[in-house]
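Enquirer: Let me begin by handing over the structure; questions about it come next.
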Amino acid sequence: MFKKILIAHRGEIACRVMRTAKRMGIKTVAVHSDVDADAPHVRMADEAFAIGGSLPKDSYLRGDVIIDVMKRSGAQGVHPGYGFLSENADFARAVHKAGLVFIGPPPEAIAAMGDKIRSKQLAKKAGVNTIPGYDGVVKDYNHALSIAKDIGYPVMVKASAGGGGKGMRLVHKQEDLKDSMTRAKNEARNSFGDDRIFIEKFITNPRHIEIQLLADQHGNAIYVGERECSIQRRHQKVIEEAPSPFVDAAMRKNMGEQAVALARAVNYASAGTVEFVVGDDKKFYFLEMNTRLQVEHPVSELTTGIDLVEEMLRIASGEKLRIQQNAITIKGSAIECRIYAEDSKRGFLPSIGRLSRYQQPDVYATDDHAVRIDSGIEAGSTISMFYDPMIAKLCSYAPNRGEAIDKMRLALNQYTIEGVAHNIDFLSRILRDPIFTQGQATTHYIDDNFAEGYSPPPPDKAHEGAFIAAVAFLRYQVARLETSIEGQMPGHHRNTPKNWIVLSEKKKTKVTIKEDNDTLAIYRHDNKQTYRLSGTWSPIDHRLRCVVNDQEHAFHVVRLNDNQFVVHASGFALYAHVVSPDTAELYDYMPIKQQEDLSNFLLAPMPGLLVSLSVKEGDKVHAGQALAVIEAMKMENVLHASKDAIIDVIEAKVGDSLDVDQSILRFKDDSKK
């Protein structure tokens, strides 16, 4: 077994690998870019080395520098995590050539499965179901037209060297094919240095289901159950779970055996994943093989009790698999939510900045229930434009899927993240959708239901009572402090007002509050119901954990002033003023602030690089016309005209680094229309 290993990654996956290594008595070496010099993974390691600038190409993608650090530190092996160098066959070869160990599969397997065209050919040869399409490289646009016509629309244009959703475009009609090819090739070239593409049939109403594998260097291979990853956006997974609510025992066995056959065909040795696209008829087709640890691996660990990182380390050190296929048992249900720094209100665009506040939910593990967080950030950490915007992975585990969903809902409500936009409201919204709770979501789910993004609405009738009780409780706690007498014993107050008006969404709700030991009885006059709330909160707290009518709740609290609050929970947001009855009467006379008209500007919706401008000053444009392309996180985002207009002034140039809401150009109305 290794005595010391280097982790060639950053963030949560570096921390996660270190936890297992430390438990096994293995010393760890971290590497870091300039911007990550004080990151948690650096402090967690036994040793740490700077390896270059903030851009990945200047640091985490510098295989030669990482190998040099291995030699200098005495690390015997390197765990690549996922992304960066994890599926780089040349790096794996260089590690072996240096007499060191790559903690992953053989370079030949990485190369074979990393090429999407070759991997599909190998899968077909190994007896794995494959999607109809063209297995070779698309030569040009005319060639693509011919292929698409033969297999029929919709088709998927894919980068041969792609992964992580980059270099992929869904094409529904011929008119969109040329532009989709251009975007896919550009993203593939920028992300992988390889712009080859291929085309295959798109399966309608698809599910994304993958099989976790383990294989050793002695010819043994097993499958460790499946994960469902159908909740995804732009081909990036958002929520994953194990086991899949769609897969039965016979289907699991069939998929698992095909995955193992493919692993054996390429002499695979390590943890790996074979991904399938599955239709309504339960027919499944090979999508790709990920020759690394997957982001969503924790749900498999929670439902099987297997530490996949430990198995990778043991396999890489030459040990035989300790687990037989017939010993694999799937117990309970686990769900993973990816907490992203992204603005759901702006179409899920990345958000960068410093985490001014970061409080995680309670983490625990018992035989039957667990909440697990894999994170590599903390309060004060910076989400930069250089790396993936994932903040953390939140997992819940319970004896059944329904309980796992309930645990996840409560855990999401316990999160506090400030300083950057995040997707917690959006995740909470998905978890209460019957489409998800009934296990019916396909990979189209987000596009079909949240194509423009998500902005949390006010609570519905089922949740409104708890929200009203919560904001009334918050205001009452502030009032208790206002009426406290300095120098008296805690709990001694002058008469705290009991009658309040909750103003929200042009609605007035009168409440009367009575104290009953440690509980407040909050009576709503409109529905004549009493809500008994117990909990503790002070104005410096940013979350409220309480029990309302014997049901546990958690709210994220933003106190704008002593009587104005914003509370978030379960995908809802309540903006409320809680005031005295006399003050409430005056609110009818308050002027309403008008929103600034920004329709004559094309604004950058996210920080990024202005890659191209397709118009010039004086051009006439029509609504929906593509005007500019911004690259952020190696993804190209096309900006369109919101109306028919004339380009008045162009205020940014190609190559500029743009801030969010920075003006790119100004319109003027087309008066000759």
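Enquirer: Out of the residues in the stretch 373-404 that are of a type in the set (Gly, Ala, Ser) and assigned to a helix (DSSP H, G or I), state the one that is farthest from MET606 (Cα to Cα).
Expert: GLY402
Enquirer: Here is a list: LEU262, LEU293. Which entry is within 26 Å of the chain's Cα centre (by Cα), surrounded by 15 or more Cβ atoms within 10 Å (Cβ to Cβ) and among the aliphatic types (A, V, I, L, M)?
Expert: LEU293
Enquirer: Let me ask you something else. Filter the stretch 137-181 for residues that are over 30 Å from VAL295 (Cα atoms) and among the hydrophobic types (A, V, I, L, M, F, W, C) and give the result.
Expert: VAL138, ALA144, LEU145, ILE147, ALA148, ILE151, LEU177
Enquirer: Filter the stretch 544-572 for residues that are of a type in the set (A, V, I, L, M) and buried (at least 18 other Cβ atoms within 10 Å of the Cβ) and give the result.
Expert: The answer is LEU544, VAL548, ALA554, VAL557, VAL567, ALA569.
Enquirer: All but one of (1) out of contact with any Ser or Thr (no Cβ under 9 Å at 6 or more places or on another chain); (2) assigned to a loop (DSSP other than H, G, I, E, B); (3) modelled with pLDDT of 90 or more; (4) not acidic (Asp, Glu) hold for GLY136; which doesn't?
Expert: Condition not satisfied by GLY136: (3).
Enquirer: A follow-up question, please. Applying the selection to the stretch 405-445, what residues are farther than 23 Å from ARG545 by Cβ, assigned to a helix (DSSP H, G or I) and either of a type outside the set (Val, Ile, Thr) or outside the structural domain of ILE373 (by TED's automatic domain parsing) (or both)?
Expert: PRO434, PHE436, TYR445
Enquirer: Let me ask something else. Test of understanding: among ILE330, ILE306, ILE323, ILE315, which residue is part of a loop (DSSP other than H, G, I, E, B), in contact with a Ser or Thr (Cβ under 6 Å, 6 or more places away or on another chain) and in contact (Cβ under 8 Å) with a residue 40 or more places away in the chain?
Expert: Only one candidate qualifies: ILE330.
Enquirer: Next question. Does ALA271 meet the test of being buried (at least 22 other Cβ atoms within 10 Å of the Cβ), of a type in the set (Gly, Ala, Ser), more than 21 Å from the chain's Cα centre (by Cα) and under 13 Å from TYR223 (Cα atoms)?
Expert: Yes.
Enquirer: Here's something else I'd like to know. Restricting attention to the stretch 520-543, report how many residues are touching a Leu at 6+ places or on another chain (Cβ under 7 Å) and in a strand (DSSP E or B).
Expert: So the answer is 4.
Enquirer: Are there any strands (runs of 3 or more DSSP E) wholly within the stretch 195-269 with 3 or more residues that are within 16 Å of GLN294 (Cα to Cα) and assigned by TED's automatic domain parsing to the domain that holds CYS395, and if so which?
Expert: 207-215, 221-233, 236-242
Enquirer: Only strands (runs of 3 or more DSSP E) wholly contained in the stretch 596-648 count here; list those with 3 or more residues that are of a type in the set (A, V, I, L, M).
Expert: Correct list: 608-613, 626-632, 635-640.
Enquirer: Exactly one of (1) surrounded by 15 or more Cβ atoms within 10 Å (Cβ to Cβ); (2) in contact with a strand residue (DSSP E or B) (Cβ under 7 Å, 6 or more places away or on another chain); (3) in contact (Cβ under 8 Å) with a residue 60 or more places away in the chain; (4) more than 30 Å from ARG227 (Cβ to Cβ) is unmet by VAL478. Its number?
Expert: (2)
Enquirer: Mind counting the residues in the stretch 204-234 that are farther than 30 Å from LEU313 by Cβ, surrounded by fewer than 22 Cβ atoms within 10 Å (Cβ to Cβ) and not basic (Lys, Arg)?
Expert: 3
Enquirer: A further question follows. State which residue is surrounded by the most Cβ atoms within 10 Å (Cβ to Cβ) when the search covers only the stretch 433-475 and only residues that are β-branched (Val, Ile, Thr) and under 21 Å from the mean Cα position of the chain (by Cα).
Expert: Looking at residues that are β-branched (Val, Ile, Thr) and under 21 Å from the mean Cα position of the chain (by Cα), I get THR443.
Enquirer: A further question follows. Out of the stretch 4-41, which residues are within 25 Å of the chain's Cα centre (by Cα), crowded, with 18+ Cβ neighbours inside 10 Å and not in a helix (DSSP H, G or I)?
Expert: ILE7, ALA8, HIS9, ARG10, ALA30, VAL31, HIS32, SER33, ASP36, ALA39
Enquirer: If you don't mind, another one. Among the residues in the stretch 579-597, are any surrounded by 19 or more Cβ atoms within 10 Å (Cβ to Cβ), in the same structural domain as ARG475 (by TED's automatic domain parsing) and small (Gly, Ala, Ser)?
Expert: No, the conditions are met nowhere in the stretch 579-597.
The values are calculated or read from the model by the stated rules, or taken from the named source; none is laboratory data. Model, not experiment: these values are computed from the prediction. Don't worry about glycine lacking a Cβ; one is built from the backbone with ideal geometry, like all the others, and counts go over all protein chains shown.
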